[in-house]
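Let me begin by presenting the structure, written as structure tokens, before commenting on it.
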Amino acid sequence: MSDKPLFTYDYYEPGKVYGVTEFTVDETVVAKWRSVYPGDNDPGVMPAGMLAMIIVGAVLTCNAPRPPGGVHGGQTFDVRRMPRIGETLLTEVKCLDKEIKKERKWVRALTTTRSKDTGEIVLTGIMTTLVAQ
Amino acid sequence: MEKTLKPSSRQVDFQSILNYADVTNDYNPVHVDKEFAAKSPMGGIIAHGTMSVALIWQALKNTLGVAALNRVHLEIRFVRPVRIDDTVTGGGELQAGASNVYDVWVRNQKGEDVIRGTATLRAA
């Protein structure tokens, strides 16, 4: 068992940064993606569906451990430019806000993804999650 | 701008959900553990929401070209779960009176929206 605190609703602090993850858009991971989506085969281009993978992967890594069974309720993607195959990205995860609506506990995470080489922002996102009770 | 996005579809079976979990490293038990999911408020396995979002990206790319993806602001809500053996289709229509905003959606085989949202294209 992990000694780290569990990311329950009460544990999230709006404004707090929970970490930064690194993700390299290498040919191996793109090939895995294409095994699920064979149509996403534009040469040299990262499939846009993988943007969600970058954001969700960063949130799941930085906000762990979590109670099992949370549900993804909504997502915003603001693409400044599509990541390139071969590029390494750094994604910061921050708690944007949280609220209880009709006894459901919602948390929004703001993600900012930058090129590791240049620091240029390539993507921001807001992931809305219904936190498991 | 095209008035209608070219739709993109896929069938979702349990194996494809497991494959998606493997690619994305998202093994939330509501997606991969039938026993857990059955006892959860979802009442059974649901596909990852982002598995269907990929269909909206495909519809945008297939209609507007890959370069257009560099200037998209996409905002979506997951409004209904996708279940094993559903067939889902992503598409959209240019909003009435708008030149750069599409109402986008993913629908199941019953014609029910599972995702709703908007895709806004910034000027090139």
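Size of the range A:45-99 along its principal axes in angstrom, Cα-based, largest extent first?
For the range A:45-99, the Cα spread along each principal axis is 35, 19, 19 Å.
Of all GluC sites (Glu not before Pro) in the range A:30-133, which ones are in loop regions per DSSP and have a Cβ with at most 12 other Cβ atoms within 10 Å?
A:E103, A:E120
For the range A:116-133, in order, what is each residue's ³J(HN,Hα) by Karplus, 6.51 cos²θ - 1.76 cosθ + 1.60 with θ = phi - 60°, in whole Hz (x at glycine and Pro)?
Values per residue, Gly and Pro as x: 5, 6, 10, x, 5, 6, 10, 7, 10, x, 10, 10, 9, 10, 8, 6, 5, 7 Hz.
What's the local net charge at B:F78, with K and R +1, D and E -1, over the other residues with C-beta under 11 Å away?
+2
Using just the Cα positions, wrap chain B in a convex hull and report its mean projected area in square nanometres, one decimal place.
Numbers: hull surface 31.1 nm².
Averaging across all directions leaves 7.8 nm² for the Cα convex hull.
Treat every Asp and Glu Cβ in chain A as -1 and every Lys and Arg Cβ as +1, leave all other atoms uncharged, and give the resulting dipole magnitude about the Cα centre to the nearest 20 debye. Write out the running numbers ahead of the final one.
Details: 17 positive and 16 negative charges, 84 e Å.
Charge dipole of chain A: 400 debye, to the nearest 20.
So what's the gap between the Cα centers of the range B:78-124 and the range B:1-77, to the nearest angstrom?
12 Å
May I ask which residue of A:G49, A:V29, A:G86 lies farthest towards the positive end of the charge dipole of chain A, with charges of +1 (Lys, Arg) and -1 (Asp, Glu) on Cβ and the Cα centre as origin?
Projecting each Cα onto the dipole axis, the largest value belongs to A:G49.
For the range B:50-57, what does the Karplus curve 6.51 cos²θ - 1.76 cosθ + 1.60, with θ = phi - 60°, yield as ³J(HN,Hα) per residue in whole Hz, taken in order and with x for Gly and Pro?
5, 4, 7, 4, 4, 5, 5, 4
Around B:I115, which amide H atoms from residues at least 5 apart in sequence, or from another chain, sit under 5 Å from its own amide H, with H modelled in the peptide plane?
Residues meeting the amide H criterion: B:V79, B:V106.
D for chain A, whole µm²/s, Stokes-Einstein with Kirkwood Rh over alpha-carbon pairs at 25 °C and 0.890 mPa s: what number? Mind showing how you got there, number by number?
Values: Rh = 15.6 Å.
Value of D from the Cα-based Kirkwood radius: 157 µm²/s.
Could you calculate, for the protein assembly as shown, the ratio of the Cα radius of gyration to the Kirkwood radius, expressed as Rg to Rh?
The Rg/Rh ratio comes out at 0.94.
At q = 0.12, 0.22, 0.23, 0.26 Å⁻¹, what is the log10 ratio I(q)/I(0) for the range A:1-52, with the Debye formula run over Cα points and no solvent?
Cα-only, vacuum Debye calculation for the range A:1-52: -0.51, -0.81, -0.84, -1.00.
Read the figures in this text as sums done on the coordinates, not as results from a lab. Keep in mind it's a predicted model, so treat the numbers as computed, not measured. Every residue, glycine as well, gets a Cβ built from its backbone with ideal geometry; the counts of neighbours run over all protein chains shown.
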